[in-house]
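Okay, so here's the structure we're looking at.
The values are calculated or read from the model by the stated rules, or taken from the named source; none is laboratory data. Here the structure is a predicted model, which means the values were calculated and not measured. Virtual Cβ from ideal backbone geometry, glycine too; neighbours counted across all protein chains shown.
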């Protein structure tokens, strides 16, 4: 085995492997996600473990800042393993990868490496510390290979009814793949309203602008806007990667809740993803345990109440500098 760092000229090869092998479709390990992070002035590495010309593992690794000038390396929803390896082969590849990524961390003064696999890690030589999660631990994934009529029939009756309510009230859905400044302003204003109303933190305006710009340049993003009498009252941001569509962000106005616009937006996004040939629609975050997520979980589950949630293992930290890692953990608790 040998390690290889992929260059910009090899993005298509990288994405082909990710889309074919990643259990979650691989959005956060896809090349454009790294480009997006680089546009925010973050350092990104694309490290692969190779057996000759064959790829065994890839890991898109992002340098994240910590207080006092420290940092850690983060592999979101990765590393991605070739999915036909047996357990002993997985262990060997991961052990080799951990040696290499530890070198990378030491060379960049990182305190630890945070892995966030979509699969249960086998036993490896290096000690890994379970450390909660960064991305949502659970999600709901809709199978788009079913006919639209079946998708509609499997919904909760209240969800179907709310889609109908929005249509009857005259809510109009506009889909923007080339997102204008006015479109973004409407999106951002509703994000701020929703964050305040639900008492949750949102990303910065710059974050959303950079993400939209990166994926729009590749034709991989759509903004769904619900218009009622000339007012934008709800928005959905959906990103496409490979055969997957991901509902990453949504927001709605404080007023006009009786119009049920988010239901119609979601259904339109599902139908468009299906028409575009996507096979899966990832609702990107639900929870069976978080009380603060109860409303959004209920909303999403209404579209596929019979579908079991997909649950990921969470994060594991490979400690590089034990002293500063213990200090980091202490600061988190205090």
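From the list 237, 190, exactly one residue is under 22 Å from the mean Cα position of the chain (by Cα), assigned to a helix (DSSP H, G or I) and under 30 Å from residue 42 (Cβ atoms). Which is it?
Going through 237, 190 in turn, the sole match is 190.
For segment 73-95, what are the residues that are out of contact with any strand residue (DSSP E or B) (no Cβ under 6 Å at 6 or more places or on another chain) and surrounded by fewer than 19 Cβ atoms within 10 Å (Cβ to Cβ)?
Scanning segment 73-95 gives 83, 84, 85, 86, 87, 88, 89, 91, 92, 95.
Scan segment 101-135 for residues that are over 23 Å from the mean Cα position of the chain (by Cα), buried (at least 16 other Cβ atoms within 10 Å of the Cβ) and under 19 Å from residue 4 (Cα atoms) and jot them down.
Within segment 101-135, 102, 104, 105 qualify.
Are any of the residues in segment 241-256 in a helix (DSSP H, G or I) and either surrounded by fewer than 21 Cβ atoms within 10 Å (Cβ to Cβ) or not assigned by TED's automatic domain parsing to the domain that holds residue 225 (or both)?
Checking segment 241-256: not a single residue is in a helix (DSSP H, G or I) and either surrounded by fewer than 21 Cβ atoms within 10 Å (Cβ to Cβ) or not assigned by TED's automatic domain parsing to the domain that holds residue 225 (or both).
Being free of Cβ contacts under 8 Å to residues at least 24 places away in the same chain and either buried (at least 22 other Cβ atoms within 10 Å of the Cβ) or closer than 25 Å to residue 157 by Cα (or both) is true for just one of 289, 196. Which residue is that?
289
Could you please find all residues in segment 319-334 being more than 12 Å from residue 66 (Cβ to Cβ) and surrounded by fewer than 12 Cβ atoms within 10 Å (Cβ to Cβ)?
Selection gives 322, 323, 330, 333, 334.
For residue 124, state whether it is over 23 Å from residue 329 (Cβ atoms) and not assigned by TED's automatic domain parsing to the domain that holds residue 274.
no
Name the residue that is surrounded by the fewest Cβ atoms within 10 Å (Cβ to Cβ), counting only residues in segment 257-283 that are in contact (Cβ under 8 Å) with a residue 60 or more places away in the chain and assigned to a loop (DSSP other than H, G, I, E, B).
279
Please name all residue pairs, on different chains or six or more residues apart, with Cβ atoms under 7 Å, provided the first residue is in segment 38-56 and is assigned by TED's automatic domain parsing to the domain that holds residue 83 and within 16 Å of residue 103 (Cα to Cα) and the second residue is modelled with pLDDT under 95 and surrounded by fewer than 19 Cβ atoms within 10 Å (Cβ to Cβ).
Listed pairs, sorted by first residue: 49/1.
Which numbered condition trips up residue 296, out of (1) in a helix (DSSP H, G or I); (2) loosely packed, with under 13 Cβ neighbours inside 10 Å; (3) not assigned by TED's automatic domain parsing to the domain that holds residue 22?
Going through (1) in a helix (DSSP H, G or I); (2) loosely packed, with under 13 Cβ neighbours inside 10 Å; (3) not assigned by TED's automatic domain parsing to the domain that holds residue 22 one by one, residue 296 breaks only (2).
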